[in-house]
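Novice: Let me begin by handing over the structure; questions about it come next.
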Amino acid sequence: MTQAQLLKQEILDKTKEYYELVHKPQQTKEFVAGKSRVNYAGRVFDETEMQYLVDSSLDFWLTYGDYSKKFEKQLADFLNVRWAFLVNSGSSANLLAFYALTSPLLKERQIKRGDEVITVAAGFPTTVAPIVQYGAVPVFVDMELTYANIDVTKLELALSPKTKAIMIAHTLGNPFNLRAVKEFCDKHNLWLIEDNCDALGSTYEGKPTGTWGDIGTSSFYPPHHMTMGEGGATYTDNPLLKKIMLSMRDWGRDCWCESGIDNTCGCRFSQSFGTLPKGYDHKYVYSHFGFNLKVSDMQAAVGVAQLEKFPGFVVKRKENQKKLYDGLKDIEELQLVQTQPNADPSWFGFMMTLTEKAKFSRNEIVEYLENNNIQTRNLFAGNMTRHPMFDSMVLDTDYRIVGELTVTDTIMTNSFWIGLYPGMGDEAINYMISKIREFICK
C-alpha cells in the first residue's frame, strides 16, 4: 500500500473508533419508560455509514460521483427497474417526476397548463405542489378509511377530457389499490406517478411499489425508511422518461455526458440545434427548462451503506407494526389501518383514527402521549385544501374537488400516528401500547 492508502486506512479505522465512542452508546442506550423519548422516527446507522462518508470526503469529489453511480445501480437492482436517478430530496423527486411529464418530447401525451391530474388532499403537500407550480389542475378525490388510501370508486367521477395523469402516495407504507389504479390509467391512457416516499420496500402482488407506474419517487430524509441526510430518487423503466429526467435534473441540458467527461457522443461540435449556429457546443445546448437537483457524492456514500442494511430495516418495521397492532386491536375507540389486500407493506408509521365510541378528541390523546414522551404526528396536511396555501386558489378553476372530501376531513380531525422505525425496541413499543391503553381505559 502507498503512504496515502495507509493514511486513509488509518483515518477510516479512527472513524470506526469515533463511532464506537460517540454514537454507538446513544444507539444502544437503555430505554427508560417515561423518561426516554419515543421519537416517531430516527436514523439507524453504524460505523459503515461514517466510514463511507469520510472515504468520499477524502476523495473530495463534491458533486455526483462514484458513490452516486453505485447507489443508483443498487437501488435500481433492488427495485428491479432499469434506471434510478438520485436527487436532493423526495420533494425534488416529485418535482422532477411531474415535470418530466410536461416535456414536449412526449408529444400528444405531454401535460400542459390547464390539464388535470387526479390526486388526494390527505397527504404531504409536495405530492401536489408540482402540479400547481406548473399550472396544471389538481383534482382531489376522497379517501377510504379502512386502508387510509385513495377511494378508487371515485376515479371515474374525477375523469374529464383534460385528465392526463394520477399522482398519489402510498399512505405510511400501505400501498393503495394499485391494480385498480393501474387498470384505470391503462384504460384512459393516463400517466401514473407513485409517490413512494413513505413506502420503499413495500410490495403489491409481489412487485415493489414505485414500479407499477410510469415513475416512482423516494425520499431519503432522516425519518424515512433509509437516509442520506437530504436526498431522494426517481425511477422508471421508460427510456424516453429516463432521457427527460436526466435532462431536467441536470439543468435541462441536451448533453448526457457524466460530470467531468466531455464528448461522449463523439459529435460535440458538429450537430445542429434549432437556430443555434451549426456545431454549437453540445454541452451547452438545453432541450428543457430544467433544474440542478443532484446530491453530493458524500450523501450518496451514506446511502450506499444504508441500502446494504435496508432489507433488515423492512423486516423490523413489519415486526414493530405487528406488535403495535396486536397490542391495540381490541380497543373499540380506535380504528387501526388494515393492510391493503394483495399488499405487503414496509410500514412507515402506525395510524389510528378515533371512532364514534371515543369520548375524547384527537388532540386530547395526542397531548397525553406527547406529555409522556411519545412523539406523534397527524397524517401530514390532513386536508391540504383547507390550508392557507389554498386561500388564493380558485375552486373549479385552479383545482377541483370531486364530491365531498368527507373521509379526508375525518382523517384531518380524528387521525394520528406513532412511529415504528427500526431503532425501536420492544420496550418502546410496549410503552406506547401501555400509555394508549392507560389513557383510553382510565
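Novice: Which members of region 269-310 meet the condition of being free of Cβ contacts under 8 Å to residues at least 40 places away in the same chain and either over 30 Å from residue 102 (Cα atoms) or part of a helix (DSSP H, G or I) (or both)?
Specialist: 282, 283, 284
Novice: Answer with yes or no whether residue 181 is closer than 20 Å to residue 411 by Cβ and either free of Cβ contacts under 8 Å to residues at least 40 places away in the same chain or out of contact with any helix residue (DSSP H, G or I) (no Cβ under 9 Å at 6 or more places or on another chain) (or both).
Specialist: Numbers: closer than 20 Å to residue 411 by Cβ: yes; either free of Cβ contacts under 8 Å to residues at least 40 places away in the same chain or out of contact with any helix residue (DSSP H, G or I) (no Cβ under 9 Å at 6 or more places or on another chain) (or both): yes.
It is true that residue 181 is closer than 20 Å to residue 411 by Cβ and either free of Cβ contacts under 8 Å to residues at least 40 places away in the same chain or out of contact with any helix residue (DSSP H, G or I) (no Cβ under 9 Å at 6 or more places or on another chain) (or both).
Novice: Continuing with the same structure: What's the total number of residues in region 110-126 that are touching a Leu at 6+ places or on another chain (Cβ under 8 Å) and touching a residue at least 40 places away in the same chain (Cβ under 8 Å)?
Specialist: Total satisfying the criteria: 5.
Novice: Still on this structure, I have one more. Given the conditions (1) touching a residue at least 24 places away in the same chain (Cβ under 8 Å); (2) assigned to a loop (DSSP other than H, G, I, E, B); (3) out of contact with any Ser or Thr (no Cβ under 9 Å at 6 or more places or on another chain), and given that residue 392 satisfies all but one, which numbered condition is not satisfied?
Specialist: (1)
Novice: Being assigned to a helix (DSSP H, G or I), of a type in the set (A, V, I, L, M, F, W, C) and surrounded by 14 or more Cβ atoms within 10 Å (Cβ to Cβ) is the filter here; which residues of region 12-60 pass it?
Specialist: Listed by number, the residues that qualify are 12, 50, 53, 54.
Novice: Report, by residue number, each residue of region 216-253 that is of a type in the set (D, E, K, R) and over 13 Å from the mean Cα position of the chain (by Cα).
Specialist: Filtering region 216-253 down to residues of a type in the set (D, E, K, R) leaves 230, 237, 242-243, 249-250, 253.
Selection gives 237, 242, 243, 249, 250, 253.
Novice: Taking region 31-65, which residues are among the charged types (D, E, K, R) and within 30 Å of residue 256 (Cβ to Cβ)?
Specialist: Within region 31-65, the first condition is being among the charged types (D, E, K, R), and the residues that meet it are 35, 37, 43, 46-47, 49, 55, 59.
Result: 55, 59.
Novice: Identify, by number, the condition in (1) assigned to a strand (DSSP E or B); (2) surrounded by fewer than 21 Cβ atoms within 10 Å (Cβ to Cβ) that residue 217 doesn't meet.
Specialist: If we test residue 217 against (1) assigned to a strand (DSSP E or B); (2) surrounded by fewer than 21 Cβ atoms within 10 Å (Cβ to Cβ), just (2) comes out false.
Novice: Going by the structure shown, is residue 164 in contact with a strand residue (DSSP E or B) (Cβ under 7 Å, 6 or more places away or on another chain), assigned by TED's automatic domain parsing to the domain that holds residue 92, at pLDDT 95 or above and assigned to a helix (DSSP H, G or I)? Steps first, please.
Specialist: Details: in contact with a strand residue (DSSP E or B) (Cβ under 7 Å, 6 or more places away or on another chain): yes; assigned by TED's automatic domain parsing to the domain that holds residue 92: yes; at pLDDT 95 or above: yes; assigned to a helix (DSSP H, G or I): no.
Spelling it out, it is not the case that residue 164 is in contact with a strand residue (DSSP E or B) (Cβ under 7 Å, 6 or more places away or on another chain), assigned by TED's automatic domain parsing to the domain that holds residue 92, at pLDDT 95 or above and assigned to a helix (DSSP H, G or I).
Novice: Same structure again: Would you pick out the residues in region 215-268 that are basic (Lys, Arg) and within 17 Å of residue 126 (Cβ to Cβ)?
Specialist: Passing the criteria: only 249.
Novice: Cβ-Cβ below 8 Å, separation at least six or inter-chain, first residue in region 334-353 and on the phi > 0 side of the Ramachandran plot, second assigned to a loop (DSSP other than H, G, I, E, B) and among the acidic types (Asp, Glu): which pairs?
Specialist: 342/205
Novice: From 211, 227, which residue is part of a loop (DSSP other than H, G, I, E, B), within 20 Å of residue 41 (Cα to Cα), β-branched (Val, Ile, Thr) and touching a Phe, Trp or Tyr at 6+ places or on another chain (Cβ under 8 Å)?
Specialist: 227
Novice: Across region 86-108, which residue is surrounded by the fewest Cβ atoms within 10 Å (Cβ to Cβ) among those that are of a type in the set (A, V, I, L, M, F, W, C) and outside any helix (DSSP H, G or I)? So that I can check it myself, show each step before the final result.
Specialist: Pass one, region 86-108, residues of a type in the set (A, V, I, L, M, F, W, C): 86-87, 93, 95-98, 100-101, 105-106.
Now narrow it down to the ones that are outside any helix (DSSP H, G or I): 86-87, 101.
Numbers: 86: 29, 87: 28, 101: 24.
Here the residue is 101.
Novice: Just give me the residues in region 1-24 being of a type outside the set (D, E, K, R), free of Cβ contacts under 8 Å to residues at least 12 places away in the same chain and within 12 Å of residue 55 (Cα to Cα), in sequence order.
Specialist: 5, 7, 9
The rows are residues; the columns are (1) more than 26 Å from residue 288 (Cβ to Cβ); (2) of a type outside the set (Asp, Glu); (3) surrounded by fewer than 20 Cβ atoms within 10 Å (Cβ to Cβ); (4) in contact (Cβ under 8 Å) with a residue 60 or more places away in the chain.
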site	(1), (2), (3), (4)
192	no, yes, no, no
199	yes, yes, no, yes
202	yes, yes, no, yes
210	no, yes, no, yes
213	no, yes, no, no
222	yes, yes, yes, yes
230	no, no, yes, yes
257	no, yes, yes, no
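Novice: Something else: For region 61-85, enumerate the residues that are in contact with a helix residue (DSSP H, G or I) (Cβ under 6 Å, 6 or more places away or on another chain) and part of a loop (DSSP other than H, G, I, E, B).
Specialist: 61, 65
Novice: Starting from region 25-49, take each residue that is closer than 15 Å to residue 420 by Cα and not assigned by TED's automatic domain parsing to the domain that holds residue 221 and list its partners that are of a type in the set (Val, Ile, Thr) and part of a loop (DSSP other than H, G, I, E, B), counting only C-beta distances under 8 angstrom and pairs at least six apart or across chains.
Specialist: Going by the 8 Å Cβ cut-off, the qualifying pairs are 40/376; 43/227.
Novice: I'd like the full set of residues that are more than 27 Å from residue 427 (Cα to Cα), of a type outside the set (Val, Ile, Thr), outside any loop (DSSP other than H, G, I, E, B) and touching a Leu at 6+ places or on another chain (Cβ under 9 Å), limited to region 340-385.
Specialist: 343
Novice: Could I ask something else about it? Out of region 387-414, which residues are among the charged types (D, E, K, R) and within 24 Å of residue 156 (Cα to Cα)?
Specialist: Hits for region 387-414 are 396, 398, 400, 404, 409.
Novice: Among the listed residues 431, 368, identify the single one that is aromatic (Phe, Trp, Tyr), more than 21 Å from the chain's Cα centre (by Cα) and more than 28 Å from residue 306 (Cβ to Cβ).
Specialist: Every option except 368 fails the conditions.
Novice: Return yes when residue 63 is in contact with a Phe, Trp or Tyr (Cβ under 9 Å, 6 or more places away or on another chain), of a type in the set (Ser, Thr, Tyr), under 30 Å from residue 238 (Cα atoms) and assigned by TED's automatic domain parsing to the domain that holds residue 189 and no when it is not.
Specialist: Judged against the criteria, residue 63 is not a match.
The values are calculated or read from the model by the stated rules, or taken from the named source; none is laboratory data. Values in this document were obtained by computation on a predicted structure and should not be read as measured data. Positions of Cβ are backbone-derived with ideal geometry, glycine not excepted, and every protein chain shown enters the neighbour counts.
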